[in-house]
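A short write-up of the structure that comes next.
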Amino acid sequence: MGTIVLVHGSWHDGAAWDATRKHLEREGHRTLAPTMAGHGKTANKKVNHADCTRSIVEFIVENNLRDIVLTGHSFGGTVVCKVAEAIPERVRRIVFANGFVLRDGHSLTDEVPPQTAAAFSEMARTSADNTTMLPFPVWRDTFVNDADLEMAKWSYEQLLLEPFQPSTDKLDLKRFYSLSIPRSYINCTEDIALPPEEYGWHPRMSGRLGMYRLVQMPGGHEVLYTNPELLARKIIEAGRD
């Protein structure tokens, strides 16, 4: 299936994929999970969306990766769109794992409930470095709703301060929507990190992709923690020819 490149979402770094990556590698798939700019424990949080994209593009080019299955989780969906625009000749298929598929000209904060965007904007404004952190009750009930309390607490400890600027940058996605690269959407059926119905992931986000392969699995938004083995199998299913 070529090389799988896993792009993490908000409050994460590349290590969030560790368990999923191990399952993919056991199945014989070369798998890499870079950390994007502005993320990681010691990272400078003063970044914008272009910086996030550039860091993934540079990782792919510097490692001479080709024929890749480019997989983005959550916020990472916005990044893989721009990466594909920059180096389409290196991308075999784009996979969104409950990833944001933005409308052209929109930012991530344009695509979430207004009260959510306002709460995080205020949190970033009052922080020392324009960052946000999920409150544990939100993490517990809407991100890892399929986890027991022990897993919920452990996974929360893995979270990192998230730079807010990339989520407010409005993205020109005309080139992405003109690309002919095949794409897939993995939808976790119990994911309520975005409120279902009006703001749900599927078919709201997935339906913007035009022709795409739909792969579904049980679980919440953070199956990379709660069910990495099944997620790995679904990435393989989503990325196959």
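Throughout, read-outs are computed from the coordinates displayed, never taken from laboratory work. What you see is a predicted model; the values in this text were computed from it and never measured. All Cβ positions, even for glycine, are placed from backbone atoms using ideal geometry, and neighbour counts span all protein chains on display.
Most simply put, the chain has about 10% antiparallel DSSP beta bridges, counting only bridges with both residues inside it. Spin-label model, Ala118 to Ala15: label points 7 Å out along the Cα-to-beta-carbon direction sit 3.7 nm apart.
Counted residue by residue at 0.36 nm each, then reduced by the alpha carbon distance between them, the extension gain from Leu179 to Leu230 reaches 15.4 nm. I'd like the Kirkwood hydrodynamic radius of the chain, using the inverse of the mean 1/r over distinct C-alpha pairs, in Å. When all Cα pairs of the chain are included, the Kirkwood radius is 17.6 Å.
So how much slack lies between Lys41 and Ala128, counting 0.36 nm per residue of separation and subtracting their Cα-Cα distance, in nm?
Length difference between fully extended and current span is 29.8 nm.
Of the peptides 76-86, 225-235, the order by per-residue mean of other Cβ atoms within 10 Å, starting with the highest, comes out as 76-86, 225-235. Sketch the reach of a paramagnetic label on Asp172 as a point 7 Å from Cα along Cα-to-Cβ, and name the residues of the range 39-57 whose backbone nitrogen lies under 18 Å away. Under cut-off, by backbone N: 48-54. Listed cross-link partners Lys41/Lys234; Lys153/Lys234; Lys46/Lys234; Lys46/Lys82; Lys22/Lys234 are compared with a 24 Å cut-off, the Cα-Cα value being larger for Lys41/Lys234; Lys153/Lys234; Lys46/Lys234. For the chain, the 222 nm mean residue ellipticity estimated from helices alone, with every DSSP H stretch of n ≥ 4 adding -39500 (n - 2.57) and the total spread over all residues, rounds to -9500 deg cm²/dmol.
Its relative contact order, with pairs defined as Cα atoms under 8 Å and 6+ residues apart, puts the range 51-207 at 29 percent.
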